[in-house]
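Undergrad: If you scroll down you'll find the structure; I have some questions about it.
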There are 2 protein chains.
Amino acid sequence: MDDFKITFEPLKKTIKVSAEESILDAAKRSDILINASCGGEGICGRCKIILKKGGYETISTEKLTPEEIEKGYLFACQTYPKGDITIEIPPESRIKKAQKIATLSGARNLYRLLTSTGIECEPIIKKVFLKLPPPNLQDNISDFDRLKRELTTVYGDGRWIDIDIDILTKLSNTLREKGWEVTLNLIELPDSIKIVDIHPGEILKQRFGIAVDIGTTTIVVYIVDLSNGKVIDHTATYNSQVHCGDDVITRIIYATERGGLKELKNLVTADINKLIAKLIHKQHLDPGLIESIVIAGNTTMTHLFYGINPRYIREEPYIPVTNLFPLAKAGRVGIDVNKEAVIYTMPGVASYVGGDITSGVIASGLYNERELSMFIDIGTNGEIVLGNSEWLVTAACSAGPCFEGSGIKSGMRATEGAIEQLEINRKTYEPVLKIIGNTPPSGLCGSGMIDAIAEMFLAGIVDQKGNINKEIHSPRIRKGDNGLEYVIAWGNETDTGIDIVLTEVDIENIMRAKAAIYAGFSTLLKEVGFGFSDIRKFFIGGGFGNYLDIEKAIIIGLLPDIPHEKFIFLGNTSITGAYLCLLCSEMRKRAEEAAKKMTYIELSVSRSFMDEYMSALFLPHTNIDAFPSLKSSRRLSLRF
Amino acid sequence: MDDFKITFEPLKKTIKVSAEESILDAAKRSDILINASCGGEGICGRCKIILKKGGYETISTEKLTPEEIEKGYLFACQTYPKGDITIEIPPESRIKKAQKIATLSGARNLYRLLTSTGIECEPIIKKVFLKLPPPNLQDNISDFDRLKRELTTVYGDGRWIDIDIDILTKLSNTLREKGWEVTLNLIELPDSIKIVDIHPGEILKQRFGIAVDIGTTTIVVYIVDLSNGKVIDHTATYNSQVHCGDDVITRIIYATERGGLKELKNLVTADINKLIAKLIHKQHLDPGLIESIVIAGNTTMTHLFYGINPRYIREEPYIPVTNLFPLAKAGRVGIDVNKEAVIYTMPGVASYVGGDITSGVIASGLYNERELSMFIDIGTNGEIVLGNSEWLVTAACSAGPCFEGSGIKSGMRATEGAIEQLEINRKTYEPVLKIIGNTPPSGLCGSGMIDAIAEMFLAGIVDQKGNINKEIHSPRIRKGDNGLEYVIAWGNETDTGIDIVLTEVDIENIMRAKAAIYAGFSTLLKEVGFGFSDIRKFFIGGGFGNYLDIEKAIIIGLLPDIPHEKFIFLGNTSITGAYLCLLCSEMRKRAEEAAKKMTYIELSVSRSFMDEYMSALFLPHTNIDAFPSLKSSRRLSLRF
């Protein structure tokens, strides 16, 4: 089995592999991060490695340039060792560990806000302290009967009292540990009360919960003091499933292959466990006191978390197994916290509008708005909700993951080294860059792409159709492998030593994505007989929103041309909604009502959507009348 | 770890052991059966072995005779290998595999009886066949929503429909496997319907269930066709927990020691799994179609089956963790049949009146008798229920396991080689034996002991106090290690080569047991103001009943002196009750009502019980007036 050794540089990590295992697979199981958008299918051309030493066999080098081949470049998914080898993972193939991805999104203040509005905060678990009379020969009913008798006296109302075998196994010792004083964790159901955990003594105030956002790209965990709503600590990591593909579609395909579903479930479970363990350790918490967990994720992520087959999400007519998940116990789904902790899952709406969006509706307060409002969440996909406290419609536009770097030559996620803002001098065509972490740049993240295209458009480098003007005399405008391209940073300035460029193909991809999102907005509005001017509040969720320049997003026609003050950036609304539902039964009730109320519009089969989409494949839009502020702008007038 | 080898003869089985492992422990984990009533504590002196070859260290040989020591006898629990060794397990230390322990107890006819009395037969699982409309773009709700919609239309009544994550994980494939036709396994609860399993296509008639009797000594399994009530097959084995002690008290002590509870749980689970696997294999059944299981056992056995701490059952004031167990899933408690099969546990009453006795109340029909009746189950313990369809009282008498051979020098269980009947010539004092399996005898089982004492009493060998008359001139009456003894079979006639005897100590033990049981009867009757003559039916359950000679049982004062026709032998009522509850919701309802209704009388603290017990420590009883037929018997008159 373990035939050869691979040494990875610059990590200086050596692992054993068999001759049948690709370098990508070997790296994956050893937790070595190599970019592989397509999940190792030989399609994306991202998993480049450089062979330093040793024999190998490679299936295809098709997408490599002659220069790369000369330098020893290979694709990790296409290459198998033929002996001990040493390889280098070049900077462009490395996945950087997430740094400070989580933002508290104002969660610290949300609890205060919640309580101040008079909403009753009630976690999933109800805690009851009981002092039982000790047994004697005249009163020697069973432990469970004694517990039920007291519970009925103190708290009950004739409802049937249910208990799990797991709790019965620890009942006798727990009752006697602190002289027949115990604290029960209960769940109230319509006709029964379920005892889900029991602790010796009185533990009414030490109560902790966990909120988890399972993003396609990033996983965020909050640990919350349920007695006062404080977020004690939070952390985040990349979703290790990125090893198996960048977007939900690739993951679904991966899941339907042999063992893939189990692998994906285990990857995300392990990620969450690591994050929780880290926080518990850091904060010196007793994991036994973690009583509840709320999970928010898109429909595919939630299916994978529970190990439920996501296959039919992808195939027409796009059917998830479920949008509403039963309460589960942590121990049963592999979460290594108190195994009796109860997991609540944010309810979803459809295959492409999941619990993360319901979370967003709760976090934004959209469900409570009296006037027409819109909520969008642009992550790996783009979801839109339109409505108010009376009604809600929702849709998903398959924008694709290009704003997260996928499918864009120099694209990357919004982490250290990403160009997040840029301006281009109108005369010299030289750019000025703002880079996350103030390091040499590694690539272009979503907000950087939007800035780049807007600035190139304003500077006349691209026209309304997204074509680069080859007449411009500048070394930065040149012909590359994918047609014309604009050089944003020269190799000698970059972290990778490679030029950072935006190609015509990239621009076309980004325009398709922005057109899909904009067409989503307009189709949804049309469906219910409104226009952009009717929108009072435009909530923007998702990590994307943190760096977005509204004006430039309007210039490229990603956002509608409405007054800037209507846009409200909310950051990660998926985790915020999960946090609110962790604390508050009223929020869970509203989330369930909202999920039920949301009418899902399937854009992929809408004729109107296709028309809107085609019209939006311009900068900013075929119909410039839809962008009145741009039309009247002096700065832009030249361009039309 | 594996330091040495032990070869066991006559099994010719060799196993590896460490120097720290006693021979008993090594045998135990290798499934080699050696008698050890005390569970390896060095108390019972049963686990004798003979060392044939090799070095060893032994802690104590205290209970061995000089002759035994000379022959190489050792105790398996006290001996540790010091090199490779060969040992022989002598016949008296072997536990024979159960042979034909299970009797159908008329179960074949019970179903017919049930249905003929108009009782509705309804298994635990409700099965519903559904044809779902396949999804399309206009109707693309989730799989679970589609299922709920159809279920509500066809079957539902507004009750909430619940499902387990495990079922969701297989939902999408199952729905599509046979073109959206599925059969659901449902459990109906007061305000919800729970989907507990799902199969593709229509499977309404292939439905199987399992009834299990977990006896302290023996485990019996029935496999039942739920569509027609037929017992397809049945089998039995010794409860492997006997390795850890003969009776419930020893098992409870074992369970409270390090790892003991888990070991006991695993032993009984493995036994049940083996029995089920054997039957499934033999009958070519699809284990996936086993939908429900009913477990009957005493309170300790049930606690151990679920891995619930039984410790406080033993300590005053004798508290079980629970008498009523929630429905469980087979997969979660380690039963290797269809993991979604639902387990129902026969409800118990108190620490020493368990689900096996409720089973007996159902199987005997006592819950339905209009006139006063008594039910007794003499297994490893003795339980009594008295009452009718209006009321029920119950008690347990710690008779001890002597009728199963424990604590009796030549005692053994009622298996092959056991003397089950005997008569003694009134003049020659020579006995005539009837042996199970017609083989050379190995020992004396419960019914043999009763016969022996009754015959010895009738022949004048023992007096009313149980003392052996040393004046009698017969080689069969002699002085042994434990005082006077009567030789029932000489070593040259027996399977073991050892004399089979009944000693004064044995007789004292048996008289204590029979006194406890008889005192239980009379105390219970007194408590409710009745006498023996008021009893119309006297049901006798338990394997014990199969061989019992009523007259002799009355002569020794074990059974009351009432007309013989009132005694009804029912065999194993624990398994019969479980079988009935597997088939019939009405029976489950009645079992639950009966368990609730039974008033438990704690005999161990009853003053009246102690008086009754003391009076019963004679043959047949201090008060001969209580035994009118014996008093007037010509045969017996000499004896009083």
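The values are calculated or read from the model by the stated rules, or taken from the named source; none is laboratory data. All figures in this text were calculated on a predicted structure; none of them were measured in a lab. Using ideal geometry, Cβ is built from the backbone for each residue, glycine included, and neighbour counts are taken over all protein chains shown. Heavy atoms of the whole protein, side chains included, go into the accessibility calculation; ligands, DNA and RNA do not. Shrake-Rupley method; radii C 1.70, N 1.55, O 1.52, S 1.80 Å.
Undergrad: Excluding same-chain residues fewer than 8 positions from residue B:597, which aspartates and glutamates have a Cα within less than 17 Å of its Cα?
TA: Filter leaves A:139, A:145, B:356, B:369, B:371, B:383, B:390, B:527, B:586.
Undergrad: Of A:548, A:603, A:560, whose Cα points farthest to the positive end of the dipole of segment A:543-606 (charges on the beta-carbon: +1 Lys, Arg; -1 Asp, Glu; origin at the Cα centre)?
TA: A:603
Undergrad: Could you compute how much accessible surface residue A:380 exposes when probed at 1.4 Å, giving the result in Å² to the nearest 10?
TA: Taking all protein chains as shown, residue A:380 has close to 20 Å².
Undergrad: Further question: Once the label point is placed 7 Å from Cα along Cβ, list for residue B:41 the distances to the corresponding points in the other copies, in nm, shortest first.
TA: With the label placed 7 Å along Cα→Cβ, residue B:41 yields 6.7 nm.
Undergrad: Which ³J(HN,Hα) values, rounded to whole Hz and listed in residue order, are derived for segment B:619-628 from phi using the Karplus coefficients 6.51, -1.76 and 1.60 in 6.51 cos²θ - 1.76 cosθ + 1.60 with θ = phi - 60°, glycine and proline given as x?
TA: Per-residue couplings from phi come out as 9, x, 5, 4, 8, 5, 4, 6, 10, x Hz.
Undergrad: Counting helices only, and only those DSSP H runs with n ≥ 4, report the 222 nm mean residue ellipticity of chain B as the sum of -39,500 (n - 2.57) divided by its residues, in deg cm²/dmol to the nearest 500.
TA: That comes out to -8500 deg cm²/dmol.
Undergrad: Additional query: At R0 = 56 Å, how high is the FRET efficiency between residue A:586 and residue B:60 if r is their beta carbon distance? Nearest 0.05 is fine.
TA: That pair, residue A:586 with residue B:60, gives E of 0.20.
Undergrad: If each label sits 7 angstrom from Cα along the C-beta direction, how far apart, in nm, is residue B:287 from its counterparts in the other copies?
TA: Distances between equivalent label points, in nm: 3.0.
Undergrad: Calculate the spin-label point distance for residue B:430 paired with residue B:281, positioning each point 7 Å from the Cα along the beta-carbon direction, and give it in nanometres.
TA: Simple spin-label model gives 4.9 nm for this pair.
Undergrad: Note down the accessible area of residue A:393, probe 1.4 Å, to the nearest 10 Å².
TA: 10 Å²
Undergrad: Return the loop-located GluC sites (Glu not before Pro) in segment A:545-616 (DSSP other than H, G, I, E, B) with at most 10 other Cβ atoms within 10 Å of their own Cβ; answer none if there are none.
TA: Taking segment A:545-616 and a limit of 10 other Cβ atoms within 10 Å, no loop GluC sites (Glu not before Pro) are found.
Undergrad: Residue separation times 0.36 nm, minus the C-alpha to C-alpha distance between residue A:633 and residue A:481: what's the value?
TA: Taking residue A:633 through residue A:481 to full extension adds about 51.1 nm, to one decimal.
Undergrad: What's the extension gain from residue A:126 to residue A:471 if we count 0.36 nm per residue and subtract their Cα-Cα distance?
TA: The span from residue A:126 to residue A:471 would gain 117.1 nm if fully extended.
Undergrad: Oh, and also: Antiparallel as a % of all DSSP beta bridges within segment B:481-625, to the nearest 5?
TA: Percent antiparallel among DSSP bridges in segment B:481-625 is about 50.
Undergrad: Taking the Cα centre as origin and putting +1 on Lys and Arg beta-carbons and -1 on Asp and Glu beta-carbons, what dipole magnitude results for the protein assembly as shown, to the nearest 20 debye?
TA: 160 debye
Undergrad: Sticking with this structure for a sec: Within segment B:258-358, report the trypsin sites (Lys or Arg not before Pro) that DSSP leaves as loop and that have at most 13 other Cβ atoms within 10 Å.
TA: Sites meeting the loop and neighbour criteria: B:258.
Undergrad: Right, here's the next one. Let me check against my output: what whole-number percent is the relative contact order of segment B:258-322, with C-alpha pairs under 8 Å and at least 6 apart?
TA: Once normalised by length, the contact order is 34 percent.
Undergrad: A follow-up question, please. Relative contact order (percent) for chain A, with alpha-carbon contacts under 8 angstrom and 6 or more residues of separation?
TA: Relative contact order here is 12 percent.
Undergrad: Between A and B, buried accessible area summed over both sides at probe 1.4 Å, in Å² to the nearest 100?
TA: 3700 Å²
Undergrad: Something else about it: Write down the accessible area per residue of the protein assembly as shown in Å², having rolled a 1.4 Å probe over the full set of protein chains.
TA: Here the per-residue accessible area is 39 Å².
Undergrad: Continuing with this model, one more query. Not counting ligands, DNA or RNA, and with a 1.4 Å probe, what is residue A:429's accessible surface area in Å² rounded to the nearest 10?
TA: Accessible surface of residue A:429 is approximately 40 Å².
Undergrad: May I ask what percent, to the nearest 5, of DSSP beta bridges between residues of chain B are antiparallel?
TA: 70 percent
Undergrad: While we're on this one: Using 7 Å Cα-to-Cβ label points, what is the residue A:192/residue B:464 separation (nm, one decimal)?
TA: 5.9 nm
Undergrad: Over chain A, with every protein chain in place, what whole percent of the accessible area is carbon and sulfur at 1.4 Å, could you tell me?
TA: Using a 1.4 Å probe with all protein chains present, chain A comes out at 49 percent carbon and sulfur.
Undergrad: Also, I was wondering about something else. Give the Debye-formula value of log10 I(q)/I(0) at each listed q (0.04, 0.07, 0.08 Å⁻¹), with one equal scatterer per alpha carbon of the protein assembly as shown, two decimals each.
TA: Once normalised to I(0) and log-transformed, intensities are -0.33, -0.83, -0.98.
Undergrad: Which one, A:577, A:438, A:141, is farthest towards the positive end of the dipole of chain A when Lys and Arg carry +1 and Asp and Glu -1 on their Cβ?
TA: Ranked along the dipole, the leading option is A:438.
Undergrad: For residue B:564 and residue B:160, compute 0.36 nm times the residue count separating them, minus their Cα-Cα distance, and round to one decimal in nm.
TA: Difference between extended and current length: 139.9 nm.
Undergrad: A further question on this structure: Residues of segment A:190-206 losing 10 Å² or more of accessible surface, assembly versus chain alone, probe 1.4 Å, please list them.
TA: A:190, A:191
Undergrad: What gaps in nm, shortest first, separate residue A:475 from its twins in the other copies when you place the label 7 Å past Cα toward the beta carbon?
TA: Ordered by distance, the counterparts are at 12.3 nm.
Undergrad: If a/c stays under 1.5 just call it rounded; otherwise compare a/b with b/c (prolate if a/b is bigger, oblate if not). Do that for chain B, with a ≥ b ≥ c from the square roots of the Cα gyration tensor eigenvalues.
TA: Oblate, because a/c is 1.5 or more while a/b does not exceed b/c.
Undergrad: Given the rotation that superposes chain A on chain B, what residue of A brings its beta carbon nearest the axis, and what is the distance in Å?
TA: Result for the axis mapping A onto B: A:191, 2.
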